[in-house]
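*Asks:* If you scroll down you'll find the structure; I have some questions about it.
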Amino acid sequence: MTLKRLALSLAGFASAISAAPVAAQGQDMSFDAYMQLLIARARAEGVSETTILRMTSDLTPNYRVIELDRGQPGTPTQSGYPPLDNYISRHVDTARISGGRSVYRGERSTLSRIENEYGVPAEIIVAIFGHETAYGRVKGGFDLSRSLATLAWEGRRRELFSSEFVNLLKVADKGYPRSMLVGSWAGAFGNPQFLPSVYLRLAKDGDGDGRANIFSNSADTFASIANYFRDAGWRSGQPWGVRAYVPAGFDVDRYKTKLNAQVCPRVHERHSQWKTVREWRELGIQPQRQLGDDVMASLFQPDGPGTPAWLLTANYRVILEYNCSNYYAMSVGLLADEIAQ
């Protein structure tokens with residue numbers, strides 16, 4: 001599950017939890033009383049009474065969701081990072097590559113049309129689809145209405161989840177039954193695992209039938225992912241990154257970024273300063289695929305000297321918008337490369 005803003009909101013919190021049901025951390029009223037506040041907000045924002053009734057009927061707190069939320073890992077320490085290679089071997093494996101190539105071939109006409117419209121490569125779209133839901137096979141089974149209401153009531157990130165709950169009801173108001181609105185415990189759903197707010201802002205009708213059905217419609221799924229990337233600033237015609245040769249003895253640390261990132265600092269601190277490809281060539285760094293001399297790039301050698309390195313473009317940062325993790329972004333990029341071969 002993916003989305004950057006959710007990843008940011010989940011980061012930095014770790015808590016021991018018992019096996020017994022836990023009390024709501026930020027709770028200041030009963031669940032039923034808090035639900036009346038959410039219902040009033042949804043009504044004020046234009047959600048129909050019919051939708052409110054079917055989406056809130058018989059709701060009870062899901063304490064398993066609270067446990068999962070509190071069990072999120074905290075910010076890593078300075079003890080180091082797990083090797084990228086181990087993660088890639090698990091997430092860019094034979095099954096995921098072959099599944100992606102099958103989707104790529106089988107949906108080629110639709111993907112080509114969407115690539116031309118949005119400027120986002122078909123292989124990137126398919127790679128996101130593969131990483132998020134294993135090409136539509138694993139989308140989560142939590143009742144989104146119950147999960148989001150629980151997280152809003154629990155109170156630790158009330159504004160985030162109360163807004164997402166109301167947005168979920170707005171999605172339901174488009175005619176989607178509650179039985180279809182299931183997904184991750186944290187509220188992401190559909191083939192691309194969008195949060196309700198993201199769905200309302202960026203989901204697209206990819207086949208002209210008047211609906212943005214990201215649950216089972218491949219054209220809508222692809223168009224919605226492409227629109228997300230276009231909105232995040234994808235630069236058409238530029239790769240996400242290319243493998244790079246780093247000469248022996250080259251001191252990568254000398255070129256570490258000075259950026260004081262406000263979000264995902266542990267992600268960005270691992271990247272070098274931005275330089276043109278021409279400047280990297282002059283320092284001895286050689287891209288192993290075509291990359292224009294004037295393209296701005298960051299050097300990334302995640303597993304240390306003597307291991308694979310990449311020159312990353314601004315499009316890599318766009319992948320990070322989907323999920324703020326170097327492991328995720330690298331695996332998406334590398335999977336996309338394999339799918340396109």
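The values are calculated or read from the model by the stated rules, or taken from the named source; none is laboratory data. If you're wondering where the values come from, they're calculated on a predicted model, not measured in any experiment. Note: ideal-geometry Cβ built from the backbone for every residue, glycine included; neighbour counts use all protein chains shown. Note: accessible area is taken over every heavy atom of the protein model, side chains too, but ligands, DNA and RNA are not part of it. Shrake-Rupley method; radii C 1.70, N 1.55, O 1.52, S 1.80 Å.
*Asks:* Taking segment 37-63 as the region of interest, how many residues are over 19 Å from G141 (Cα atoms), not basic (K, R) and not in a loop (DSSP other than H, G, I, E, B)?
*Replies:* 11
*Asks:* I would also like to ask the following. Applying the selection to segment 185-211, what residues are in a loop (DSSP other than H, G, I, E, B) and surrounded by fewer than 24 Cβ atoms within 10 Å (Cβ to Cβ)?
*Replies:* Filtering segment 185-211 down to residues in a loop (DSSP other than H, G, I, E, B) leaves 185-188, 190-193, 195, 203-211.
Matches in segment 185-211: W185, K204, D205, D207, G208, D209, G210, R211.
*Asks:* Let me ask you something else. All but one of (1) more than 24 Å from C324 (Cα to Cα); (2) of a type outside the set (S, T, Y); (3) surrounded by 14 or more Cβ atoms within 10 Å (Cβ to Cβ) hold for L144, so report the exception by its number.
*Replies:* (1)
*Asks:* A follow-up question, please. Taking the options W234, W185, name whichever one is closer than 30 Å to R278 by Cβ and not small (G, A, S).
*Replies:* W234
*Asks:* Taking the stated definitions as given, is G100 of a type outside the set (A, V, I, L, M, F, W, C), under 16 Å from A219 (Cα atoms) and open to solvent by less than 20 Å² (accessible area, probe 1.4 Å)?
*Replies:* When the stated conditions are applied, G100 passes them.
*Asks:* I would also like to ask the following. For L291, are the conditions met, namely being assigned to a loop (DSSP other than H, G, I, E, B) and under 22 Å from S331 (Cβ atoms)?
*Replies:* Values: assigned to a loop (DSSP other than H, G, I, E, B): yes; under 22 Å from S331 (Cβ atoms): yes.
Yes.
*Asks:* Restricting attention to segment 252-262, does a residue exist that is outside any helix (DSSP H, G or I), hydrophobic (A, V, I, L, M, F, W, C), open to solvent by less than 30 Å² (accessible area, probe 1.4 Å) and touching a helix residue (DSSP H, G or I) at 6+ places or on another chain (Cβ under 7 Å)?
*Replies:* yes
*Asks:* Starting from segment 84-96, keep only residues that are in contact (Cβ under 8 Å) with a residue 40 or more places away in the chain, then list their pairs with residues that are part of a loop (DSSP other than H, G, I, E, B) and among the acidic types (D, E) whose Cβ atoms are within a distance under 7 Å, requiring at least 6 positions of separation or different chains.
*Replies:* What qualifies is L84/D303; D85/D303.
*Asks:* Could you tell me whether any residue of segment 231-247 is closer than 30 Å to D173 by Cβ, crowded, with 17+ Cβ neighbours inside 10 Å and touching a helix residue (DSSP H, G or I) at 6+ places or on another chain (Cβ under 6 Å)?
*Replies:* Checked segment 231-247: at least one residue is closer than 30 Å to D173 by Cβ, crowded, with 17+ Cβ neighbours inside 10 Å and touching a helix residue (DSSP H, G or I) at 6+ places or on another chain (Cβ under 6 Å).
*Asks:* Would you tally the residues in segment 216-248 being part of a helix (DSSP H, G or I) and of a type in the set (S, T, N, Q)?
*Replies:* Residues meeting the conditions: 4.
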